[in-house]
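Novice: Have a look at the structure that comes next, please.
The values are calculated or read from the model by the stated rules, or taken from the named source; none is laboratory data. Everything numeric here is computed off the predicted structure, so don't read it as measured data. Cβ: placed from backbone, ideal geometry, glycine included. Neighbour counts: every protein chain shown.
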Amino acid sequence: MTVKQIKVFAPASIANLGPGFDVFGLALNELGDILNIEKSSKKEVKISLSGLSNNIPIDPTKNSAGVVLLNMIKREKLDYGFKVEIKKGIPPGKGLGSSGASAAAAAFACKELLDLQIDNKDLVEIAAQGEAAVAGSAHADNVSPSLFGGFVIVCENYDFIRFDAPEVGLVIVMPDLFYENKTKLARSLLPEKVDLKDAVKNIGYASKMVASISLGDPVLFGRSICDNLIEPHRAKMIPHFKEVKKAALDAGAYGCSIAGGGPSLFAVGNDLLSIGKAMQESFGEISSEIYISKPNNRGAHKL
Ligand code: HSE
């Protein structure tokens, strides 16, 4: 019997992780998007949304999962379309790879539903093109961990290496700030050229972070969260950034930085709730939510 419908989950992720701008990504447990995708006789993509779906377009050309499905119709020369129900579990616009997870879920679901022989690198590219439709550029540091779980290093041409992530405790504080076209804005703050000394520092921390993953050392991982290239520029779009980061470190965090394009901050440490509360307090008049997580090593899967 031909399968007509599939339900999948794809986890949230944190991109950059401090020193690895556009290169590192880590999948998070629990928070994720659920997509139910059904073949439909009309050659079109129809989207319905539920959950944390504020400000997410249902126009398939403007929705990351919609773009993946439209591209799949062309790529596979399909004479039918898809109906997709997206249950958003990842708040959009907070730096947790929300659009990337929907794109990853859609790409993974299509591969399974249509029984396609797509290699993993192509799958990353398909998902990244979907995310590009909403984020403005096809970086793959969110879609890769959402697809495969774990800690992912993604390089030019979607070449990637995936590791199982160690049991790192992470706390994410999501401020109640909303920016239109947030990723575009966050990228527009960045300089074209960077200082060599700062680049060398980031290479050092990025190398330590990769070592921490292969050694399975959560403390070294936390201490590798340091970014001299991107954070100083993006800090400007996050009120109280300096105070929040200092509060995390004073409360015992090993490291703290901006989650993806922000405005959330994440920290790694032991007493995650105390660290999160100290960060929350330092956001002052801006309310925020605390989310505590471990890495997700499973990635996108069928439900
Ligand atoms: N690496 C990307 C950035 C992730 O920081 O702009 C945001 O989606």
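Novice: Out of all the residues in region 116-134, is one or more at positive phi and in the same structural domain as G25 (by TED's automatic domain parsing)?
Specialist: If we filter region 116-134 for residues that are at positive phi, which is where we start, we get none.
No.
Novice: Output the number of the condition that I286 fails; it satisfies all remaining conditions of (1) in contact with a His (Cβ under 8 Å, 6 or more places away or on another chain); (2) under 22 Å from A12 (Cα atoms); (3) among the hydrophobic types (A, V, I, L, M, F, W, C).
Specialist: For I286, the failing item is (2).
Novice: Quick one: in region 161-180, of everything that is over 22 Å from R234 (Cβ atoms) and buried (at least 21 other Cβ atoms within 10 Å of the Cβ), which residue is farthest from the chain's Cα centre (by Cα)?
Specialist: Step one: list which residues in region 161-180 are over 22 Å from R234 (Cβ atoms), which gives 161-169.
From what's left, buried (at least 21 other Cβ atoms within 10 Å of the Cβ): 165, 168.
Details: A165: 15, V168: 17 Å.
It comes out as V168.
Novice: While we're on this one: Could we say that L28 is closer than 30 Å to E156 by Cα and more than 15 Å from the chain's Cα centre (by Cα) here? Outline the logic, then answer.
Specialist: Numbers: closer than 30 Å to E156 by Cα: yes; more than 15 Å from the chain's Cα centre (by Cα): no.
In short, no.
Novice: If you go through region 218-234 one residue at a time, do you hit one that is within 17 Å of I286 (Cβ to Cβ) and either at pLDDT 95 or above or among the small types (G, A, S) (or both)?
Specialist: Yes, region 218-234 has at least one match.
Novice: Oh, and also: Which residue out of D159, D141, D195 is of a type outside the set (A, V, I, L, M, F, W, C) and in the same structural domain as M279 (by TED's automatic domain parsing)? Show your work before the answer.
Specialist: On the way: D159 fails: in the same structural domain as M279 (by TED's automatic domain parsing); D141 fails: in the same structural domain as M279 (by TED's automatic domain parsing).
Exactly one residue qualifies, and that residue is D195.
Novice: Continuing with this model, one more query. Using beta carbons and a limit of 7 Å, which pairs, at least six apart or on different chains, have the first residue in region 129-154 and surrounded by fewer than 24 Cβ atoms within 10 Å (Cβ to Cβ) and the second one among the aromatic types (F, W, Y)?
Specialist: Pairs found: G150/F163; I153/F24; I153/F160.
Novice: List every residue pair whose Cβ atoms lie under 6 Å apart, where the two residues are 6 or more positions apart in sequence or sit on different chains, the first residue falls within region 218-236 and is at negative phi, and the second residue, located anywhere, is assigned to a helix (DSSP H, G or I) and among the basic types (K, R).
Specialist: Partner pairs satisfying both residue conditions: S224/K208; N228/K201.
Novice: Of G276, G261, which residue is in a loop (DSSP other than H, G, I, E, B) and either over 26 Å from A135 (Cα atoms) or touching a helix residue (DSSP H, G or I) at 6+ places or on another chain (Cβ under 7 Å) (or both)?
Specialist: Numbers: G276 fails: in a loop (DSSP other than H, G, I, E, B).
Residue meeting the stated conditions: G261.
Novice: To continue, here is another question. Collect the residues in region 204-240 that are surrounded by fewer than 13 Cβ atoms within 10 Å (Cβ to Cβ) and over 26 Å from G252 (Cβ atoms), keeping them in residue-number order.
Specialist: K236
Novice: Going by the structure shown, is L69 over 24 Å from A259 (Cα atoms), of a type in the set (A, V, I, L, M, F, W, C), assigned to a strand (DSSP E or B) and more than 18 Å from the chain's Cα centre (by Cα)? So that I can check it myself, show each step before the final result.
Specialist: Values: over 24 Å from A259 (Cα atoms): yes; of a type in the set (A, V, I, L, M, F, W, C): yes; assigned to a strand (DSSP E or B): no; more than 18 Å from the chain's Cα centre (by Cα): yes.
Criteria not met by L69.
Novice: Suppose we keep only residues that are of a type in the set (K, R) and in a loop (DSSP other than H, G, I, E, B) within region 77-102. Which one would you say is nearest to V45 (Cα to Cα)? So that I can check it myself, show each step before the final result.
Specialist: Of region 77-102, the ones of a type in the set (K, R) are 77, 83, 87-88, 94.
Okay, now just the ones that are also in a loop (DSSP other than H, G, I, E, B), so 77, 94.
Working: K77: 14, K94: 26 Å.
Out of the qualifying residues, it is K77.
Novice: Now for a separate question. Given the criteria farther than 26 Å from D33 by Cβ and either in the same structural domain as R187 (by TED's automatic domain parsing) or part of a helix (DSSP H, G or I) (or both), does E289 qualify? Break it down stepwise before answering.
Specialist: Working: farther than 26 Å from D33 by Cβ: no; either in the same structural domain as R187 (by TED's automatic domain parsing) or part of a helix (DSSP H, G or I) (or both): yes.
No; evaluated as a whole, the condition is false for this residue.
Novice: When you go through (1) out of contact with any Phe, Trp or Tyr (no Cβ under 8 Å at 6 or more places or on another chain); (2) surrounded by fewer than 18 Cβ atoms within 10 Å (Cβ to Cβ); (3) modelled with pLDDT under 95 one by one for K42, which number turns out not to apply?
Specialist: All conditions pass for K42, except number (1).
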